[in-house]
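Beneath this line is the structure, given in structure tokens, with notes to follow.
The values are calculated or read from the model by the stated rules, or taken from the named source; none is laboratory data. The model shown is predicted, which means the values in this text are computed figures rather than measured ones. Every residue, glycine as well, gets a Cβ built from its backbone with ideal geometry; the counts of neighbours run over all protein chains shown. The accessibility values were calculated without ligands, DNA or RNA, using every heavy atom of the protein model including side chains. Shrake-Rupley method; radii C 1.70, N 1.55, O 1.52, S 1.80 Å.
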Amino acid sequence: MTQPHLASVPPSSRLMSWLGFRSGDRPQAEAIRAPVAGSALAMREEARHRLLGMISQFVIDHGLEVSGANLTAVHGALSGIDHKLAMAIDARLKAQEPITQEWFDEVTGGDAYANYRAELDTLLNKLETGITSFTKTTQETQSVTGDYRAALEHHVQALKNPEEGVLLGLADLAKAMLERTRQIESDVRRNENEAKSLRKSLAKARRDADIDHLTGLPNRRAFEALLEKHYAEAREGGEPLSVAFCDIDHFKRVNDTHGHDTGDRVIKAIGEALANISGQNCHVARHGGEEFVMLFRGKTTDQALVALDNAREAMSKRRFVNRENEQAIGIVTFSGGLADVFAFPNSRTALKAADGALYKAKEAGRNRICVAENDPNLSVS
């Protein structure tokens, strides 16, 4: 396989600056191809490790999902294989606009994470179908084998006192067949138990696929399914429905100053604060990185704003401490954007509007909630 050359990305780009390259002077790019002690193999290994490190750092820095689709796309951009994506990232960074998962999905031709999860779902469905078929077959086999064994036992019982040699031979044959039938039944029961265990493992895998393991909250995939469900039900019942994006303020500063363990504590604390205002018809999920997403069903946008703003205010009064060195972290706040779902053509458009309101809150000074303006082009029937 041809090894990717990082230098194929335009050296003057903002993307190259993010990677540590300088226009007109590319010591890092040249270092990848420059002779090093050892051999050409050592050079290739160094380049591979460096590229892998930059891919990981890019995903972490921009809060992207750690999925196969994302890693493949980032590899294409940073290695220079995907020039179009590299140029899109370059333009985004030059404009000083954030590289979010939603934006990344759009420029890579669709929701990369959703596609990845859809592929996994297909595999899980095939596995579940196979388990169901196997279980049915073993149950039918067990039933038939049981009937066969009962008949053999009856005949063996009738041949206990044979009077002729031929009957004795038949009795021995029947006993051997009965023993073999019992063995088959035992094997079938064992296989059936294995199928049950596999089905439980499959159910757990499905649950785990919907959970963010750091916070214990639903993840982005699970939230999207919840949103579609509540969207349909709320529209049918004429109930109000709002969505919100929340993002931790200056989270990178916390990570850089106090480490990722402390950053994880902050993420969990925000998740708990938002979960405290959730309920049967109000759900919160970790959307990725330091970003959370919520839906409020049965509450007007004004009511949802009050609930979310109360949670924000309560969080701003807390004081965090680095547990390793007792150093004060200070105030941890979050910003939010809220949108009335039915004021937009569909739920996805409403999510984008809430995301836009979130960035307005950031631009306005952070630690606040902004409400998206309704779509003026929406025709109400």
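Data for the structure
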{"item": "Output for the range 330-350, where each listed residue is crowded, with 21+ Cβ neighbours inside 10 Å and charged (D, E, K, R)", "result": "Asp340"}
{"item": "Set Asn367, Asn374: member being at pLDDT 95 or above, open to solvent by 30 Å² or more (accessible area, probe 1.4 Å) and more than 18 Å from Glu102 (Cα to Cα)", "result": "Asn367"}
{"item": "So Arg312, is it among the basic types (Lys, Arg) and assigned to a helix (DSSP H, G or I)", "result": "yes"}
{"item": "Residues satisfying the stated conditions in the range 48-90, i.e. charged (D, E, K, R) and farther than 26 Å from Phe251 by Cβ", "result": "Arg48, Arg50, Asp82, Lys84"}
{"item": "Given (1) surrounded by fewer than 16 Cβ atoms within 10 Å (Cβ to Cβ); (2) part of a helix (DSSP H, G or I); (3) charged (D, E, K, R), index of the condition Lys362 fails", "result": "(1)"}
{"item": "Those residues of the range 64-100 which are among the polar types (S, T, N, Q), open to solvent by 10 Å² or more (accessible area, probe 1.4 Å) and under 15 Å from Gly288 (Cα atoms), in sequence order", "result": "Thr100"}
{"item": "Flag for Glu313 being open to solvent by 60 Å² or more (accessible area, probe 1.4 Å), at pLDDT below 90 and out of contact with any Leu (no Cβ under 8 Å at 6 or more places or on another chain)", "result": "no"}
{"item": "Failed criterion for Val321 (all others in (1) under 28 Å from the mean Cα position of the chain (by Cα); (2) without any contact (Cβ under 8 Å) to a residue 60 or more places away in the chain hold)", "result": "(1)"}
{"item": "Residue tally, condition assigned to a helix (DSSP H, G or I) and either among the charged types (D, E, K, R) or modelled with pLDDT of 95 or more (or both), over the range 316-341", "result": "1"}
{"item": "Checklist (1) basic (Lys, Arg); (2) within 25 Å of the chain's Cα centre (by Cα); (3) modelled with pLDDT of 80 or more applied to Lys126, failing item", "result": "(3)"}
{"item": "Exclusive hit being out of contact with any Lys or Arg (no Cβ under 8 Å at 6 or more places or on another chain), outside any helix (DSSP H, G or I) and either within 19 Å of Arg221 (Cβ to Cβ) or touching a residue at least 40 places away in the same chain (Cβ under 8 Å) (or both), set Leu71, Leu78, Leu64", "result": "Leu64"}
